[in-house]
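Heads up: the structure comes next, in structure tokens.
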Amino acid sequence: MMDKMQPVRGTRDLRDDVLRRYRAIQAIADEKARVYGYNPIETPIFEYTSVFTKPLGETSDIVGKEMYTFSDRGGESITLRPEGTAPVVRAMMSEGLTQTLPQRRILQGPMFRYERPQKGRYRQFYQISIECLGVKTYHADVEVIAFAYDVLMALGIQDVVLHLNTLGDMESRKAYRAALVSYFEAHRALLSEDSLVRLEKNPLRILDSKDPRDQVVSAEAPKLTDYLNVESAQFFDSVCKALAALQIPYKLDSTLVRGMDYYCHTVFEFKTANLGAQDTILGGGRYDGLMEQMGGPSMPAVGWACGMDRLELLAESITVSEAVPIACILPFGEAEELPALALAHKLRKANCYVDVLPIGNIGKRLKQVAKKGATYAILIGEDEIKARIYKVKNLAATEDATDKEQCLTEEQVLVLLITPIRD
């Protein structure tokens with residue numbers, strides 16, 4: 001039975017400094033969201049399976065291999081959310097938010113995929129996802145990329161490269177699809193089994209294959225830029241010029257297609273060489289047809305998602321440490337325990353972190369106070385209770401300092417400990 005008392009493979013417990021870094025990353029993303037005007041949203045961690053199968057596509061690796069899907073007691077097919085975009089779009093429809101546009105939303109929370117665990121990739125992982133719905137101009141594409149860039153820079157993640165591509169509109173993709181089918185059909189004997197399936201349903205997915213056989217064939221495949229119509233080419237040119245104006249460096253990458261069926265026009269990924277094979281830390285693009293595909297109105301949209309697990313590995317500039325009590329209260333005996341707890345309660349209500357140590361040898365407890373890193377030790381004995389004062393030792397003061405040891409009233413203790421917090 002003991003082997004079952006471990007985290008499920010691909011999951012882990014988050015605690016202490018790691019969890020503090022996750023929360024610091026969330027706080028930075030929230031602050032950038034405020035600056036860019038993105039409001040928070042939380043969706044359930046499970047949805048009806050159709051929320052994902054419709055937009056992600058049956059040939060996607062997520063739907064075909066990675067989703068945690070089960071039937072509930074009512075016989076409904078339920079899936080733990082593998083990504084955040086489809087749930088946010090579903091929420092826009094079910095909550096009637098499509099009547100108030102644009103909608104700018106940020107979602108933070110756990111996602112679930114059955115993948116082979118490795119560095120920075122887990123079966124329960126945490127994402128930040130932002131979505132901008134209702135803006136059809138290139139300004140939204142530039143906005144979300146700038147948002148992402150600002151988050152990464154605020155986290156101190158400098159060694160990243162923005163990879164950029166366009167998938168064009170539906171007309172351009174239709175022409176390109178025909179060219180791809182013709183090319184891959186001529187080389188089908190060299191393709192993997194998965195890509196032979198993709199060839200029938202979505203040949204663009206072959207370009208995104210990680211199989212070395214497919215990558216060799218894809219290297220000589222037609223380029224989508226050669227099949228863009230005038231409107232699509234102008235749209236992408238505007239995005240590139242705007243990024244240059246914002247001094248956000250990028251690299252054109254014609255092989256970048258992303259993994260979902262719903263993308264069009266701009267697609268992008270921020271990549272790093274510091275995580276091994278898992279080089280993408282943030283990715284997204286435009287998905288104008290997604291809401292209509294899910295049964296809603298036609299809606300332009302663009303967004304991105306990033307994994308906090310990978311960000312936490314890269315965000316070395318975020319230094320967090322365990323909270324240190326400013327004071328420890330040491331009651332001498334049982335009679336002083338309740339006054340000690342009462343004093344601690346008043347200090348905590350004033351947002352002052354204090355600790356109360358159990359009764360015992362005073363010398364050992366003073367060593368404990370020093371080990372905890374507290375600045376003050378507050379001693380409460382019978383004489384202190386009678387005199388209605390507390391003996392306060394300043395552990396940070398020099399031996400000859402006048403405030404090394406003081407006898408203070410409760411009000412004076414409150415002023416001493418709370419004032420630095422307020423400043």
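Laid out as a table, the results:
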item	result
Glu405 outside the structural domain of Ala24 (by TED's automatic domain parsing), touching a residue at least 12 places away in the same chain (Cβ under 8 Å), surrounded by fewer than 19 Cβ atoms within 10 Å (Cβ to Cβ) and of a type in the set (Asp, Glu)	yes
Of residues in the range 205-251 being within 29 Å of the chain's Cα centre (by Cα) and at pLDDT below 95, the one surrounded by the most Cβ atoms within 10 Å (Cβ to Cβ)	Ile206
Residue within the range 286-299 that is assigned by TED's automatic domain parsing to the domain that holds Ile25, part of a strand (DSSP E or B) and at pLDDT 95 or above present	yes
Selected residue (criterion: surrounded by the most Cβ atoms within 10 Å (Cβ to Cβ)) from residues of the range 1-51 that are among the polar types (S, T, N, Q) and farther than 23 Å from Ala91 by Cβ	Thr11
Where His139 falls short, out of the listed (1) within 30 Å of Arg104 (Cβ to Cβ); (2) touching a Lys or Arg at 6+ places or on another chain (Cβ under 7 Å); (3) assigned to a helix (DSSP H, G or I)	(2)
Residue identified as within 24 Å of Ser298 (Cα to Cα) and in the same structural domain as Leu282 (by TED's automatic domain parsing) among Ser50, Ser77	Ser50
Matching option when the condition is in contact (Cβ under 8 Å) with a residue 12 or more places away in the chain, of a type in the set (Val, Ile, Thr) and over 20 Å from Glu231 (Cα atoms), among Val142, Val135, Val151	Val151
The range 315-368 - residue that is part of a loop (DSSP other than H, G, I, E, B) and among the charged types (D, E, K, R) and, of those, farthest from Lys391 (Cα to Cα)	Glu316
Selected residue [modelled with pLDDT under 95, under 17 Å from the mean Cα position of the chain (by Cα) and not aromatic (Phe, Trp, Tyr)] from Val18, Val88, Val63	Val18
Subset of the range 137-186 [surrounded by fewer than 22 Cβ atoms within 10 Å (Cβ to Cβ), closer than 14 Å to Val239 by Cβ and over 26 Å from the mean Cα position of the chain (by Cα)]	Thr137, Asp169
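The values are calculated or read from the model by the stated rules, or taken from the named source; none is laboratory data. Model, not experiment: these values are computed from the prediction. Note that we place each Cβ from the backbone using ideal geometry, even for glycine, and neighbour counts take in every protein chain shown.
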